[in-house]
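Chemist: Would you mind keeping the following structure in view while I ask a few things?
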Amino acid sequence: MITRRTFTAALSLTGLAALGGVSPLRLIERAMAQSASDIKKPVSLPDMALGPADAAVTITEFAAATCPHCAAFNREVFPKIQSEYIDTGKVRYVFREFPLNLKDAACSMLARRIAKDDSGKYFAVVDVMFKQQDQLVEKTTETLKLIGRQAGLSAQAVEDCLKDQALLELISADRKYASEVLKVGGTPTFFINSEVIVGEASFEEFDKRIKSQLKS
């Protein structure tokens, strides 16, 4: 399994070994990242994305499986963005892992292992994990094995996945990049092209920002 020593050592590179989710009071910032190319750049792992690569607007989400605000967004806002903008080809949506703890890292590793290079499958696994967030928090290994079995993996295959130090290091490297270069400090954090939203926001807020970007 992932060892606390290994993951803490990886996170120590960022100076953010102990992070919590973004405040439920919701902070929305109008800020610019260093450059759009910084945001678009996949670092260690290939991006998991829905929507056309040449869409006028790209939304990049940084999230963690055990973050309740991320789960609320996935449940209440993302389906509307998907039907209104992703499925209609207006928006490309990129999901990137920003683990806050060992449980998040384990979830990210299993989602990557199940999906491989299939973005649609990856988003489906992430959706299942958010819907089973309480169980993942309380009984992480057991729930991951259940999710793995539903995806056709044996319990041993799940255990082997969670021992994959090379994959853990890639996830940690991408988290380090997000923290140091993009200044991501918690979850969820969204970039709409290069405009930032930190924390929970309504569909109406995303709708307004997306339409503004489509007009520009």
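Please treat every number below as a calculation from the coordinates, not as lab data. Computed from a predicted model, the values in this text were never measured in an experiment. Cβ atoms come from the backbone with ideal geometry, glycine included; neighbour counts cover every protein chain shown.
Chemist: Could you check segment 85-144 and list, in sequence order, the residues that are of a type in the set (Phe, Trp, Tyr) and touching a residue at least 60 places away in the same chain (Cβ under 8 Å)?
Modeler: Passing the criteria: 85, 98, 122, 123, 130.
Chemist: Which condition number does residue 152 fail, the rest of (1) more than 25 Å from residue 82 (Cα to Cα); (2) assigned to a helix (DSSP H, G or I) being met?
Modeler: Result: residue 152 passes all but (2).
Chemist: Of the residues in segment 151-169, how many are of a type in the set (S, T, N, Q) and in contact (Cβ under 8 Å) with a residue 40 or more places away in the chain?
Modeler: Total meeting the criteria: 1.
Chemist: Can you spot a residue in segment 114-132 that is of a type in the set (Phe, Trp, Tyr) and touching a Phe, Trp or Tyr at 6+ places or on another chain (Cβ under 7 Å)?
Modeler: Yes, that holds for at least one residue.
Chemist: Answer yes or no as to whether residue 168 is crowded, with 21+ Cβ neighbours inside 10 Å and part of a helix (DSSP H, G or I).
Modeler: Taking the combined requirement at face value, the residue satisfies it.
Chemist: Of everything in segment 184-216 that's surrounded by fewer than 20 Cβ atoms within 10 Å (Cβ to Cβ) and hydroxyl-bearing (Ser, Thr, Tyr), which residue is nearest to residue 82 (Cα to Cα)?
Modeler: Among those residues, the one meeting the criterion is 202.
Chemist: Mind checking which helices (runs of 4 or more DSSP H) fall wholly inside segment 48-137 and carry at least 1 residues that are closer than 17 Å to residue 162 by Cβ and of a type in the set (Asp, Glu)?
Modeler: Passing ranges, in order: 102-115.
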